[in-house]
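For reference, the structure discussed in these notes is given below.
The values are calculated or read from the model by the stated rules, or taken from the named source; none is laboratory data. Note that the structure is a prediction, hence the values are computed from the model and not measured. Neighbour counts run over all protein chains shown; Cβ positions are idealised from the backbone, glycine included. Note: areas computed on protein heavy atoms with side chains; ligands, DNA, RNA excluded. Shrake-Rupley method; radii C 1.70, N 1.55, O 1.52, S 1.80 Å.
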Amino acid sequence: MTEPTKFDFCPWLFWDHATEEDRRAQESHLEELRARFELEAAGKVFVSPLAGVYADRLRMGDHCYIAAHAYVTDDVVMGDDCTVNPYAVVRGNIVLGNAVRIGAHTSLLGFNHGTAPDRPVFRQAITSKGIRIGDDVWVGSNVVVLDGVTIGDHAVVGAGAVVTKDVPAWAMVAGNPARRIRDRRATGPGDDLERLLSGFADRARGQAEEVLGRCWTGERYVDRPDAPPTVRAWCDAVEIADLLLDGPPPTPAREEIVAFLRDRQDPATGLVPEIGASGPPELDGASAYHVLCVGYALDLLGTRFPHPVHAVANVTSQELIASLDALDWERNAWTAGSWVDAFGTGLHRNLADFGVRGESETLYGWLLTRCSQAHGMWGEPDPDAGWLQVVNGFYRLTRGTFAQSGMPVPYPERAVDTVLAQARDPRYFGPDTGNACNVLDVIHPLWLLGRQTRHRREEGAAWAKEHLVRAVGGWHDGAGLSFALTRGSGAARTPGLQGTEMWLAIIWLLADYLGVSDALGYRPRGIHRPEPATRPSGPGR
C-alpha cells in the first residue's frame, strides 16, 4: 500500500518542494494511469496515488492536481490551474474551464438514474447531461452539483450548497437549494441590491415566529393585536409561514388550522363567510376574497375545500354574461376586476380539486372581446382618480384568469403604457404616499406583461428598484410590515399579517422583475404565486 505524503493532501506544494525522487514517483504513477485509460496531461500535473481515478478519459491542463481520496470516473476535462481536493467526487461528463477550484468532500455528479415507477431505481437507465463549469470558479467544500448544471465564469459556490440549476456568471450562491446571494462584482451595500435583499430575508426569517405569535390570541389569528378576528388573518399566517418558515405556522397544529378553514365553507354555495356574518354568503366582499385566500391556504397545507364552489359551478353561460355586463366597469373597475378574480379562481378550484368544469370559455371570450385595444385595460379612467381603478382592476382580473391559467394577456404593450402612466401618478406614488395595494397593482401587471414583451422595460425597472428599496426598509422588528409605508397612526400604518403577507409577495415580484429574486430565498406559492396555479404535493416544500 502506498504510504501517504504531504503532497497527497497538499498537492499545491508539489511543484516547489518535491524532490527528484518524488518527481520520478509521480511520473511513474502517471504512466500507470496512461496504461489504464486515455490520459492527456500537461507538463505540470499531480495525481495522488491515493486518489481513485477510474476514468475513460481524463484531460488535465497545466498546474492541475487531483488530491488523495478523490474519486474520478468517466469523461473529465480540466483546463489550466484546476484543483480537485481531498475526498471530492467528480463523475460523469464533466468539463472544467481554467482556474476552477473544487473543495474537499464536494461532489460533481454528472449523471442520474431514472425514477419511473415500473422498476427499482437500481434497474433504471442512467442518463447524463453533464456538468459545465466556466473559468475562475470556486466551488467550496461539501458542495453537491447535480447533473445538467452549468456554472458561469467567475462564480463562487458557498460551502455546503446543493446546486440544482444553472449559476450565472459572477454569481455568489449558497444554501440548499443554492440561491444567489449577490454579484461578486458588487463593491458595497449601496450598489448591492442582492445583499440588501438577502439581509432583509434573513431578518424576516429570524423574526417570523415572533411576527406570527404577536397576532395569535391563543384561540385564533387576528391581523394585528386588538383587531377583530377574520378568516383572512388565518390565511395570511399560513402564507407568511410558508414563505419564511417553509411550512405551516408553528401555532396551532396544522390539523387545527386545516379544520378551521375547511369547516368555514358553506356546503350549499361553496363560499366562505366572514366570522360572525349572518345569512347565506354571496360572491362579493369578504366571501369572494375567501375563494382566493382560503383555497390557496389549504393548498399550502396540502389539502383542499371539502366542497366545490357551487356559486361558480352552477352559473350558466347566459347568467355569467349578464353578471359581467352588469359590473360597473366605468366607475368601479377595481370591484369589477375583483369579482372576475374570484369567479376565475372558483373555476380553477372546481376543476383542479373536483374535476368540475365551468364556464371558462364564456369568461375568457367575454374578456378578450371587451379589452380595449387602445390601452389594454377593461374600463376607462376616472376624471378624478385617473387610472387607479382601472389598473387596480386589471391586476385583480388578470390574477384570477390570465396569470392563473398561463394564458397571454391581450395588447401587452398598450397595457404596459397604461400601467406606467398610473405608476407616475404622484397622488399614489411619492415620498409620503404608497400602500401595498397600489404597489402590487402596478408590479404584478408589469411582471406578468414582462413575460410577453420587453416594451419600456428600463422605465419599469427603475420604478421597481425605487419601490423595492423602500419596501425592504419598512420592516418593523418583531411585527413585520404595515399595509401603508407612510408615517402616521391608524390601522393601515400598524404592522400586521395582511401587510406582511402582501409586502413579502410584492418584494419578490419587484425583485424578480429586476432579476434578483434568488437573493430572497423564497418564492410565493399562494395567492401571489408567479406560475400558473397547480396543486402543491403536500404541506411545506
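List of remarks:
- Helix 412-423 and the long axis of the chain differ in direction by around 70°, with both axes built from C-alpha atoms.
- Unit Cα scatterers, Debye sum, the stretch 1-43: log10 I(q)/I(0) for q = 0.19, 0.23 Å⁻¹: -0.66, -0.92
- Over the stretch 1-90, the ratio between the Cα radius of gyration and 2.2 N^0.38 Å evaluates to 0.96.
- Per-selection Rg to Rh, the chain - Cα, Kirkwood hydrodynamic radius: 1.08
- Summary of the geometry: the stretch 64-105 and the stretch 210-231, compared by the centres of their Cα atoms, lie 54 Å apart.
- When you filter the GluC sites (Glu not before Pro) in the stretch 190-250 for DSSP loop state and at most 16 other Cβ atoms inside 10 Å of their Cβ, you are left with 219.
- Counting all C-alpha pairs of the stretch 311-365, share separated by more than 18 Å (%): 30 percent
- Axis of helix 231-245 versus longest Cα principal axis of the chain: the two differ by about 10°, to the nearest ten degrees.
- A simple packing score, the average count of other Cβ atoms within 10 Å per residue, orders the peptides 468-477, 153-162 as 153-162, 468-477, with the highest score first.
- Between helix 457-472 and the chain: long-axis angle, C-alpha atoms, 0 to 90°, nearest 10: 90 degrees
- Protection-proxy order for peptides 89-96, 319-326, each taking the mean of Cβ atoms within 10 Å per residue, highest first: 89-96, 319-326
- Accessible area per residue was computed with a 1.4 Å probe on protein heavy atoms; residue 87 scores about 100 Å².
- Each eigenvalue of the Cα gyration tensor of the stretch 73-223, multiplied by 5 and square-rooted, gives one semi-axis; in descending order these are 35, 24, 12 Å.
- Look at where the Cα atoms of the stretch 1-38 and of the stretch 493-530 average out, and the two centres are 54 Å apart.
- Among the GluC sites (Glu not before Pro) in the stretch 330-388, those placed in a DSSP loop whose Cβ has at most 16 other Cβ atoms within 10 Å are 330.
- All lysines inside 18 Å of residue 6 as judged from Cα atoms, apart from same-chain residues fewer than 8 positions distant: 44
- Here the convex hull built on the C-alpha positions of the stretch 128-205 has a volume of 85 cubic angstrom per residue.
- Relative contact order, percent, the chain [alpha-carbon distance under 8 Å, six or more residues apart]: 9 percent
- Counting only protein heavy atoms and a 1.4 Å probe, the chain has 43 square angstrom of accessible area per residue.
- Sorted peptide list for 17-30, 506-519, criterion being average Cβ within 10 angstrom, highest first: 506-519, 17-30
- Its relative contact order, with pairs defined as Cα atoms under 8 Å and 6+ residues apart, puts the stretch 232-324 at 30 percent.
- Loop-located trypsin sites (Lys or Arg not before Pro) in the stretch 376-445 (DSSP state other than H, G, I, E, B) with a sparse environment of at most 14 neighbouring Cβ atoms within 10 Å: 424, 427.
- Where only DSSP H runs of four or more residues are counted, the chain gives -12000 deg cm²/dmol as its mean residue ellipticity at 222 nm, each run worth -39500 (n - 2.57).
- Residues of type aspartates and glutamates that residue 129 reaches as a straight line, Cα spacing below 20 Å, ignoring anything fewer than 8 places off in the same chain: 56, 74, 75, 147, 153, 166
- Cα pair distances in the stretch 209-329, grouped into 5 Å bins until the bin that holds the longest one, percent each: 2, 11, 20, 21, 18, 12, 8, 5, 3, 1
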